[in-house]
Amino acid sequence: MQHALRLDGVVKRFGAMTAVDHLSFAVTPGEVFGFLGGNGAGKTTSLRMVLDIIRPDAGNIAVLGKPPGREASGQLGFLPEERGLYRSMTALETVVYFGRLKGMSAADARSRGRLLLDRFGLGASLRTGVDKLSKGMAQKVQLATAVVNAPQLLILDEPFSGLDPVNQGLLEEEILNAAKDGAAVVFSTHVMQHAERLCDRLLLLARGAKRFEGTQEQARATLPARLEVVARQSPATLDGVQSASAGADLGDGWTAWDVRLSPGHDPADLLQQCTERGVPLRRFEQHRPGLHDVFLHIVGPAGAQS
């Protein structure tokens, strides 16, 4: 199986509104794929179609090589944005129940559930009712229900929402462990910091349409490289320089310059030019753009808030 998940030209409309607009992408086993967009960008609608909760109006979806539906459900894990557990069950009963729904035997679900809850620091709360658990503990139980079957495709919809820093770290570790074990992990988020730490590749979505798909470095390359250069002459005349704005006068002829390179130009080439042309330098520092800056550059402020 080449792809764990594939969407080809998927469209979903609600009346006159197009929530997902000819969306295509693919995710491979062992990959952490970030599905990024502002509120209302179409992330949750897309994931609901993958899970066969709603059906697309056009296009095709393949989940583990099959159409969405019950056939692949035993190999899926899903953590929804809106969390919900059966409050009358204990922590272990809850995990076992979800394991059984995914086709596990009672013995395997119980064994795996114990292991997970112990790993998540809930070993002493196996028989505690969900209604007696703190919010953070309940969220760990919900996470255990998503991974109890060691899914081949793990889908997480805004998984970090409402988690404290400790539990965010736990979830990030679980995402990386799942990918290391060969699962394809897809998580939607509007928080770029999580994507920066976790994603092998990412997709930027705005108003239901794909605006970018690729690696983090490919995403950053869409922005002009920005450099802080302290030199005795303007770098503006050097090849590849888009702009060079003079900043502080540091005395003795030295000036701080904010330099932007034209797309496709490497800072290393500019440094070589400075060396070859005898341009005196006291500082040459590249500023790496964050995914938040990249996102705003690609989709714009309106797309980030949509």
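Mind checking whether some residue in the stretch 216-238 is under 15 Å from the mean Cα position of the chain (by Cα), in a loop (DSSP other than H, G, I, E, B), under 30 Å from A41 (Cβ atoms) and of a type in the set (D, E)?
No, that holds for no residue.
Looking at the stretch 242-254, can you tell me whether even one residue there is outside the structural domain of V191 (by TED's automatic domain parsing) and in a helix (DSSP H, G or I)? Let's see the steps before the verdict.
First pass over the stretch 242-254, keeping only residues outside the structural domain of V191 (by TED's automatic domain parsing): 242-254.
Those left that are additionally in a helix (DSSP H, G or I): none.
No - not one qualifying residue is present in the stretch 242-254.
One residue is enough: does the stretch 108-126 have a residue meeting the conditions farther than 30 Å from V11 by Cα, without any contact (Cβ under 8 Å) to a residue 12 or more places away in the chain and touching a Gly at 6+ places or on another chain (Cβ under 9 Å)?
Filtering the stretch 108-126 for residues farther than 30 Å from V11 by Cα gives 108-126.
After this cut, where a residue has to be without any contact (Cβ under 8 Å) to a residue 12 or more places away in the chain as well, the list is 108, 111, 115, 118-119, 123-124.
Remaining after also requiring touching a Gly at 6+ places or on another chain (Cβ under 9 Å): 108.
Looking for residues that are farther than 30 Å from V11 by Cα, without any contact (Cβ under 8 Å) to a residue 12 or more places away in the chain and touching a Gly at 6+ places or on another chain (Cβ under 9 Å), one finds at least one in the stretch 108-126, hence yes.
Of all residues in the stretch 18-73, count the ones that are more than 17 Å from the chain's Cα centre (by Cα) and in a loop (DSSP other than H, G, I, E, B).
12
Is one or more of the residues making up the stretch 128-140 closer than 26 Å to S46 by Cα and either assigned by TED's automatic domain parsing to the domain that holds V50 or not aromatic (F, W, Y) (or both)?
yes
Could you tell me which numbered condition T18 fails, if it satisfies all but one of (1) among the polar types (S, T, N, Q); (2) under 27 Å from E196 (Cβ atoms); (3) surrounded by fewer than 19 Cβ atoms within 10 Å (Cβ to Cβ)?
(2)
Which of (1) under 23 Å from L176 (Cβ atoms); (2) hydrophobic (A, V, I, L, M, F, W, C); (3) touching a residue at least 40 places away in the same chain (Cβ under 8 Å) does A58 not meet, given it meets every other one?
(1)
Provide a single number: the residues in the stretch 265-297 that are closer than 28 Å to Q193 by Cα and free of Cβ contacts under 8 Å to residues at least 12 places away in the same chain.
The number of residues fulfilling the criteria is 2.
Would you point out the residue of the stretch 255-265, among those that are in a loop (DSSP other than H, G, I, E, B) and of a type in the set (G, A, S), that is farthest from V279 (Cα to Cα)?
Filtering the stretch 255-265 down to residues in a loop (DSSP other than H, G, I, E, B) leaves 262-265.
Now narrow it down to the ones that are of a type in the set (G, A, S): 262, 264.
On the way: S262: 20, G264: 22 Å.
Only one residue fits best here, namely G264.
Find the residue count for the stretch 105-121, including only residues that are modelled with pLDDT under 95 and not charged (D, E, K, R). Give the steps one after another, and end with the answer.
Of the stretch 105-121, the ones modelled with pLDDT under 95 are 119-121.
Those still in the list that are not charged (D, E, K, R) too: 120-121.
Total satisfying the criteria: 2.
The values are calculated or read from the model by the stated rules, or taken from the named source; none is laboratory data. Not measured: the values here are computed from a predicted model. Don't worry about glycine lacking a Cβ; one is built from the backbone with ideal geometry, like all the others, and counts go over all protein chains shown.
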